[in-house]
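A quick write-up on the structure given underneath.
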Amino acid sequence: MDDQYLNVIMGIIMNAGNAKGLAHEALEAAKQNDFEKANQLMAESNQSLAEAHNVQSEMLIKEAQGEHTEMNLYMVHAQDHLMTAITYQDLVKELITLYKKNAQ
């Protein structure tokens, strides 16, 4: 496995993990009715998720151009982190909306 491939994998894992962690912090802020902080943290979470997605998109573009990407357990793990972060972020958005409605 070359360094570039490892950087792609780690880029996805690290950014997806950051996105999930920031979304969790946003949920905790919403529980305390601090919706300004929750919104700020979700914006940061969105940025991290976009970075993870950009890394993945670059890989997909290369694949479409004929540059095959090796699939191994590391890449599967990275993709799992990304999909989990996306799903968790979607759930947190809905929960924040419910906390806002409850606070009103």
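The values are calculated or read from the model by the stated rules, or taken from the named source; none is laboratory data. None of the values given here were measured: they were computed from a predicted structure. Ideal geometry is used to build each Cβ from the backbone, glycine not excepted, and the neighbour counts take in all protein chains shown. With ligands, DNA and RNA removed, areas are computed over all heavy atoms of the protein, side chains included. Shrake-Rupley method; radii C 1.70, N 1.55, O 1.52, S 1.80 Å.
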| message | Restricting to the stretch 53-104, count the residues that are β-branched (Val, Ile, Thr) and more than 28 Å from ALA26 (Cα to Cα). | response | 2
| message | Being open to solvent by 20 Å² or more (accessible area, probe 1.4 Å), in contact (Cβ under 8 Å) with a residue 40 or more places away in the chain and not hydrophobic (A, V, I, L, M, F, W, C) is the filter here; which residues of the stretch 1-38 pass it? | response | TYR5, ASN15, GLY17, LYS20, HIS24, LYS31, ASN33
| TYR88 in contact (Cβ under 8 Å) with a residue 12 or more places away in the chain and either closer than 20 Å to GLY17 by Cβ or under 10 Å from the mean Cα position of the chain (by Cα) (or both) | yes
| For the stretch 47-56, which residues satisfy the criterion of being open to solvent by 30 Å² or more (accessible area, probe 1.4 Å) and either more than 18 Å from LEU6 (Cβ to Cβ) or modelled with pLDDT of 90 or more (or both)? | GLN47, ALA50, GLU51, HIS53, ASN54
| Among the residues of the stretch 68-104 satisfying the criterion of being hydroxyl-bearing (Ser, Thr, Tyr) and at pLDDT below 95, which is least open to solvent (accessible area, probe 1.4 Å)? | THR69
